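So the structure is just underneath, and the comments pick up after that.
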Amino acid sequence: MPTLTEHLDSRRTEQDGDGNLTSATLQFTLLGVSDDATARATAISGISQTFNNLVRDSVELSPRWVDDNSSRGEWEVEATYVTREEAEPKTTEQEITIDVGAASQRITQSLATIDSFAPPNETAPDYEGAINVSDDRVEGVDIEFPVVTITVTRYVPDADVTQSYLNTLYGLSQTVNDSSITLRRKRFDADNNLVTRDMVQFDAGELKFDGFTQSYREEKNDWQFTYTFSASPNETGLVIGSISGITKRGWDYMWVKYKQTTDANAGALVKVPVAVYVEQVYKDGDFTLI
């Protein structure tokens, strides 16, 4: 049976200027194990996750000798403890980063026409909010609009990362949430209890799953997944020209059809909105599967 014994002179600690413990290193000897996987699992399960007010950050093993034929061996084990703020995230923890930037978008309709001007005794044609109207088209204008990027980092147990789960992620890439979803931060407190806090909620249609990256953490035998999302708010009560009551989900595409007519007041041909179309261009996805 494997035995894990701490060295008599094992404990090396560091303190800050106020005498608070900031790090510690404990050393052990592990006997009765020959293969690396079993040695690592035995050490991780046998060494406390906390030391005074510190949390275990890493467990490192190095063999002194092993005998594969008899499943015997001797290993030197070193456990490092740090403050909660400096520790690597634990398995099942989840972190959220929100970045608000800007991107360019061409629009053909204004929110409102503030004013218009014409020569004396003439009236400026009313295009009902259409921008940069030429004889044959509505040119529009490029504007800056906010882009919200959300990154969720999760630490998933190795046993949960199956081909089926990866296939699910592949299938959900470039889809939009089909129901309301809340993104949560999950952290372990000083007593090693998992604490969950709701951070941000999105209604159906507002969040697009852009994709993910993954990397394996050997010491913790888990996977770091980084999921990237883009957010766009749903809108209701939109008005385009004389057309009102328009509703648009965040990632649907809205476009305007124009017609040529006569502005009787200005005595001029104008292009005005005649119809507004809201198109679904991304598939819906069940984000609870992520």
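The residue that is modelled with the lowest pLDDT, among those in segment 49-90 that are acidic (Asp, Glu) and closer than 13 Å to SER34 by Cα, is ASP68. Taking the condition surrounded by fewer than 14 Cβ atoms within 10 Å (Cβ to Cβ), among the aliphatic types (A, V, I, L, M) and touching a residue at least 40 places away in the same chain (Cβ under 8 Å), does LEU289 pass? Judged against the criteria, LEU289 is a match. None of TYR170, TYR165 is without any contact (Cβ under 8 Å) to a residue 24 or more places away in the chain, over 13 Å from the mean Cα position of the chain (by Cα) and more than 21 Å from THR92 (Cβ to Cβ) except TYR170. Could you list, in sequence order, all residues of segment 124-163 that are at pLDDT below 95, part of a loop (DSSP other than H, G, I, E, B) and surrounded by fewer than 11 Cβ atoms within 10 Å (Cβ to Cβ)? Listed by number, the residues that qualify are SER134, ASP135, ASP136. Taking segment 180-194 as the range and being in contact with a strand residue (DSSP E or B) (Cβ under 9 Å, 6 or more places away or on another chain) and either closer than 21 Å to ARG217 by Cβ or not hydrophobic (A, V, I, L, M, F, W, C) (or both) as the test, the residues that pass are SER180, THR182, ARG184, ARG185, LYS186, ARG187, PHE188, ASP189, ASP191, ASN192, LEU194. Annotation note: Cβ proximity below 8 Å between a residue of segment 3-21 that is more than 21 Å from GLU85 (Cα to Cα) and a residue that is assigned to a loop (DSSP other than H, G, I, E, B) (sequence gap 6+ or interchain) occurs for THR3/GLY32; LEU4/ILE47. A single entry from ASP57, ASP99, ASP126 fulfils the requirement of being farther than 30 Å from THR261 by Cβ and over 23 Å from the mean Cα position of the chain (by Cα): ASP57. Number of residues in segment 76-96 that are of a type outside the set (Gly, Ala, Ser), closer than 21 Å to THR5 by Cα and either free of Cβ contacts under 8 Å to residues at least 60 places away in the same chain or out of contact with any Leu (no Cβ under 8 Å at 6 or more places or on another chain) (or both) equals 4.
Scanning segment 242-290 for residues that are of a type in the set (D, E, K, R) and under 29 Å from PRO119 (Cα atoms) turns up LYS259, ASP263, LYS271. Has segment 59-75 got at least one residue that is free of Cβ contacts under 8 Å to residues at least 12 places away in the same chain and more than 30 Å from SER230 (Cβ to Cβ)? Yes, the conditions are met somewhere in segment 59-75.
Of the residues ARG11, ARG56, the single one that is under 18 Å from GLU218 (Cα atoms) and of a type outside the set (A, V, I, L, M) is ARG56. Does at least one position in segment 172-181 carry a residue that is modelled with pLDDT under 95 and either of a type outside the set (Val, Ile, Thr) or more than 30 Å from ILE107 (Cβ to Cβ) (or both)? So far as segment 172-181 goes, no, none of its residues is modelled with pLDDT under 95 and either of a type outside the set (Val, Ile, Thr) or more than 30 Å from ILE107 (Cβ to Cβ) (or both).
The values are calculated or read from the model by the stated rules, or taken from the named source; none is laboratory data. Everything numeric in this text was worked out from a predicted model, so none of it was measured. With ideal geometry, Cβ positions are generated from the backbone for all residues, glycine too; neighbour counts draw on all protein chains shown.
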